[in-house]
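Below is one structure; the comments refer to it alone.
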Amino acid sequence: MKKSYRAVRMERHHKRQSGSNLNLVSLMDIFTILVFFLLVNSSSVQQLPSSKDLKLPTSSAQQLPEETVVLLVNKNQILVQGRFIVNVSQVLSNKEPLIKELLEEMKIQAASSLVENAEEEGFDVTIMGDKNIPYKLLRKILATLSAANYTNISMAVMKRNDSPKSSRE
């Protein structure tokens, strides 16, 4: 059976328009890259360095930590930004009120800081100290930080779970 002129023309017209297909492989690649980018850059939780032999005190504080110089103090050593500075036993046996090794390191950290107007206002530091360190050590650390113009001192703590008591108690 012979097709009409109109049917042949419509068939030819439909063949021309179905020629452009969407390439889904490259579109999936673009969306995969976009998803990974968003996952990496959408993190609003700040991770503080952790140490197995460091037990932070607990608190009900709600404020999140800021990006600052991190001073880690455990039972054996003092570290700044993950670099060893001095042994705790050496600091406790020394009678001086300041820790000279820590003072030198904090001055180096202050010189490499990119924060504007920090010279007048003071620099920021976060102390991650074990909850069982002696107060004498903490007092020396605070005096040393103050001498190095670190006036905005924060203490890192673990957030306490304050769940409401159940009706069974």
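Criterion applied to S154, S93, S112 was being more than 24 Å from the chain's Cα centre (by Cα), more than 12 Å from V73 (Cβ to Cβ) and polar (S, T, N, Q), and the one residue passing it is S93. The condition of being at pLDDT below 90, loosely packed, with under 15 Cβ neighbours inside 10 Å, of a type in the set (D, E, K, R) and assigned to a helix (DSSP H, G or I) holds for only one of E169, E104, E116, E120, that being E120.
Within the group F84, F37, which residue is over 23 Å from Y135 (Cα atoms) and either in contact with a Phe, Trp or Tyr (Cβ under 9 Å, 6 or more places away or on another chain) or at pLDDT 70 or above (or both)?
Details: F84 fails: over 23 Å from Y135 (Cα atoms).
Of F84, F37, the one residue that is over 23 Å from Y135 (Cα atoms) and either in contact with a Phe, Trp or Tyr (Cβ under 9 Å, 6 or more places away or on another chain) or at pLDDT 70 or above (or both) is F37.
Considering the conditions (1) under 23 Å from K131 (Cβ atoms); (2) at pLDDT 80 or above; (3) in a loop (DSSP other than H, G, I, E, B), P49 is excluded by exactly one of them, (2). Whenever a residue of region 85-96 is under 15 Å from L145 (Cβ atoms), its partners that are of a type outside the set (V, I, T) and surrounded by 13 or more Cβ atoms within 10 Å (Cβ to Cβ), lying with C-beta atoms within less than 7 angstrom and at least six residues away or across chains, give the pairs I85/L79; I85/E101; I85/L102; I85/E105; V86/E101; V86/L102; V91/L137; V91/K140. Contact annotation: residue pairs with Cβ atoms under 9 Å, 6 or more positions apart or on different chains, pairing a residue in region 1-12 that is without any contact (Cβ under 8 Å) to a residue 60 or more places away in the chain with a partner that is of a type in the set (K, R), are E11/K3. Could you please find all residues in region 132-147 being farther than 15 Å from Q109 by Cβ and in a helix (DSSP H, G or I)? Hits for region 132-147 are Y135, K136, L137, L138, R139, K140, L142, A143.
If you check L72 against the conditions, is it at pLDDT below 90 and outside any loop (DSSP other than H, G, I, E, B)? For L72, the condition - at pLDDT below 90 and outside any loop (DSSP other than H, G, I, E, B) - is met. Assess whether L79 counts as being surrounded by 12 or more Cβ atoms within 10 Å (Cβ to Cβ) and either in a helix (DSSP H, G or I) or touching a helix residue (DSSP H, G or I) at 6+ places or on another chain (Cβ under 9 Å) (or both). Criteria not met by L79.
Just one of the listed residues (V125, V91) is touching a helix residue (DSSP H, G or I) at 6+ places or on another chain (Cβ under 8 Å) and assigned to a helix (DSSP H, G or I), namely V91.
The values are calculated or read from the model by the stated rules, or taken from the named source; none is laboratory data. Small disclaimer: the values here were computed from a predicted structure and weren't measured. So basically every Cβ, Gly included, is an ideal-geometry build from the backbone, and we count neighbours across all protein chains shown.
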